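To keep things clear, I will list the structure first and then write my remarks on it.
The values are calculated or read from the model by the stated rules, or taken from the named source; none is laboratory data. In this text, all values refer to a predicted model and were calculated from it rather than measured experimentally. Note that we place each Cβ from the backbone using ideal geometry, even for glycine, and neighbour counts take in every protein chain shown.
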Amino acid sequence: MKGRSLISRIQRPGIKPETRLPIYVPDRRSGRRRRLRKWCWIALVVTAFLYGACFAFFPPAFLPPLLIPLVIIAGLVIWALPATHRSPPIWIMRSLFISFVVALVAWPNYLAISLPGLPWITLSRLFVFPLVTIFLGYMSVSKTVRDDTRAVISDNIIIIRLLLAFVIIQLISIPFSGDPFDSFQKFLIDQVYWTAIFFLSCYLFRDPRFITRCAWILVALAVWLSLVGAWEWRLGRVPWAGHIPSFLQINDDAVLRTLAGTTRSGAVAHRVEATFAVSLGLGEYLALVTPLIIHFSLEGTSRFPRWSAALILPLVLFTTINSGARIGTVGFCASVILYGGLWAVRRWRIDRRSILGPAMTLGYPAIAAALLSITFISGRLRQIVWGGHNTDPSNQARIDQFHMGWPKVLSAPLGHGVGRGAQVLGYYNGDGVLTIDTYILRLALEYGMIGLFVYYLFFFSAVARGIPGALRATDESRKLLMPLSVSILVFLLGKSVYSSEYAHPIPFMMVGAICALLTGNSAPIPGGRAPFGRAIRNARIRSTNVLSNHD
């Protein structure tokens, strides 16, 4: 009955039409489909059994690569979500973003849950992974989120291309690693903490109020670290040493050294670390935040923010000195000199009638030279800023590492793999600890000279766009371009003597903020006011007044 309908009506003379089923003809394709479906189910069950057996029988070092299929499946599920034109609830991402920043700085990274074969489950990771997952979900389902993010990307295409080029260089270096599994795991972590945080910042910081709020949160965290540092300085150790719950204790030599505290060779005083693993990390963060504190003390919207920031500055300087980290003191001096010079130039451009801007701009080279001269003339200041005889071992160690590392850099133009810089260098300090002290050398060892060049060009390109925008800024939001650009320069300066990547999400966040502020048609994300609404409203009022006067 092929080609006929399922039900046939037969007309006979004198008899009412009756309905009957057609002759049954078996479909040969249905059996083939059933057999194919049965074999697919069998293959799925066997694959699931073998996949579970790998988790049971393989050593813990193989567990992270086994999670890759699950990550791919999760990505496909997010990609297949249905699209909608509704604006998603952005407050969820904002809350998780702020929680991640607070957890990254205010909570010690070494107080974490350690499971066999898995990375440390830190407080920051408990926030960053849901944050990135939700952001990817919003990008998949919301056209508004995609359009807003695309607007920032299109206005900062050079910065985006440099970032993507660095990611590709990271990926290419993995096959050349001595431990590809470990390098790939660290590569994924870098994409979450660096690349994803950058794109999140590009989207969330389209609302200038949120940028100001996060900047004040960074300043508040500096106050928190200073208070913890003062308590630690009095005790001679971190306050939570000896009071850590058992489920947060990690049996690692580096953690034990951090809890025991450190002192510089030839000195007795304890070096303040606060929530960071080493005092250099504390000094780096305080140097990053110093331009923001100076900015709020000079450009605050009212007296209370200005005076609050002015009182915070000496507290941060006191903590930086107690840390004994030259990266902090040099960063503090660089912040004052760089921000002061740019502020004078901007004051001259904005207020042509004032004599303060031209006077400071023309006399600032002499002022900066005098400030630097004081740090060399005064014995106490020279000891604090540049170090003395007790810092000679660390200086010599960095020189020795450069002599050891550059031949290995030249021998591998594509690098030795993500996170393998210290192992490739093979330098051990006086305590027998494998270490690498300079991030420039670490970048060159891991990604080659091309990766080193692209990494620094990424940050310098953001500064090259941020400083001209700051000098032309007239509204409160775009004035933040100046401290953000100075903070990035201070960060790059500190990387010449400090190789840790723990605080890297903050500079990537700052670059994302610069890109958002430089977006041509910047507008707040749903739930916020227009960033330049007041300026537009004032322009309309002025144009109306001009027309009325003309009439």
- Message: Restricting to the range 343-357, and then to whatever is surrounded by fewer than 21 Cβ atoms within 10 Å (Cβ to Cβ) and of a type in the set (A, V, I, L, M, F, W, C), can you tell me which residue is nearest to Ser226 (Cα to Cα)?
- Response: Ala344
- Selected residue [under 21 Å from the mean Cα position of the chain (by Cα), under 28 Å from Trp216 (Cα atoms), modelled with pLDDT under 90 and not acidic (Asp, Glu)] from Tyr498, Tyr455: Tyr498
- From (1) at pLDDT 90 or above; (2) assigned by TED's automatic domain parsing to the domain that holds Ala516; (3) touching a helix residue (DSSP H, G or I) at 6+ places or on another chain (Cβ under 8 Å); (4) crowded, with 18+ Cβ neighbours inside 10 Å, pick out the condition that doesn't hold for Ser177. (1)
- Scan of the range 162-174 for residues that are in contact with a helix residue (DSSP H, G or I) (Cβ under 7 Å, 6 or more places away or on another chain) and either within 9 Å of Gly415 (Cα to Cα) or touching a residue at least 60 places away in the same chain (Cβ under 8 Å) (or both), ordered by number: Leu162, Leu163, Ala165, Phe166, Ile169, Gln170, Ser173, Ile174
- Hey, does the range 269-278 have a residue that's surrounded by 23 or more Cβ atoms within 10 Å (Cβ to Cβ), more than 28 Å from Trp120 (Cβ to Cβ) and assigned by TED's automatic domain parsing to the domain that holds Thr212? no
- Query: Looking at Pro59, Pro89, Pro64, which one is modelled with pLDDT under 70, exposed (fewer than 15 other Cβ atoms within 10 Å of the Cβ) and out of contact with any His (no Cβ under 7 Å at 6 or more places or on another chain)?
  - Reply: Pro59
- Just checking, how many residues over the range 105-155 are among the charged types (D, E, K, R) and either in contact with a helix residue (DSSP H, G or I) (Cβ under 7 Å, 6 or more places away or on another chain) or not in a helix (DSSP H, G or I) (or both)? 2
- Leu414, sole failed condition from (1) in a loop (DSSP other than H, G, I, E, B); (2) touching a strand residue (DSSP E or B) at 6+ places or on another chain (Cβ under 7 Å): (2)
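So, of the residues in the range 436-476 that are in contact with a Ser or Thr (Cβ under 8 Å, 6 or more places away or on another chain) and hydroxyl-bearing (Ser, Thr, Tyr), which turns out to be surrounded by the most Cβ atoms within 10 Å (Cβ to Cβ)?
Taking the range 436-476 and keeping what is in contact with a Ser or Thr (Cβ under 8 Å, 6 or more places away or on another chain), we get 436-442, 446-448, 451, 462-463, 466-467, 470, 476.
Add one more test, that the residue is hydroxyl-bearing (Ser, Thr, Tyr), and what stays is 438-439, 447.
Values: Thr438: 21, Tyr439: 21, Tyr447: 27.
Within the range 436-476, the match that is surrounded by the most Cβ atoms within 10 Å (Cβ to Cβ) is Tyr447.
Filter the range 276-322 down to the residues that are in contact with a Lys or Arg (Cβ under 6 Å, 6 or more places away or on another chain) and at pLDDT below 90, then identify the one that is nearest to Thr262 (Cα to Cα).
Residues of the range 276-322 that are in contact with a Lys or Arg (Cβ under 6 Å, 6 or more places away or on another chain), as a first pass: 279, 297, 299-300.
Okay, now just the ones that are also at pLDDT below 90, so 279, 299-300.
On the way: Ser279: 8, Glu299: 38, Gly300: 38 Å.
My answer is Ser279.
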- Query: Ala334 versus (1) under 24 Å from Ala368 (Cα atoms); (2) assigned to a loop (DSSP other than H, G, I, E, B): which is the lone unmet condition?
  - Reply: (2)
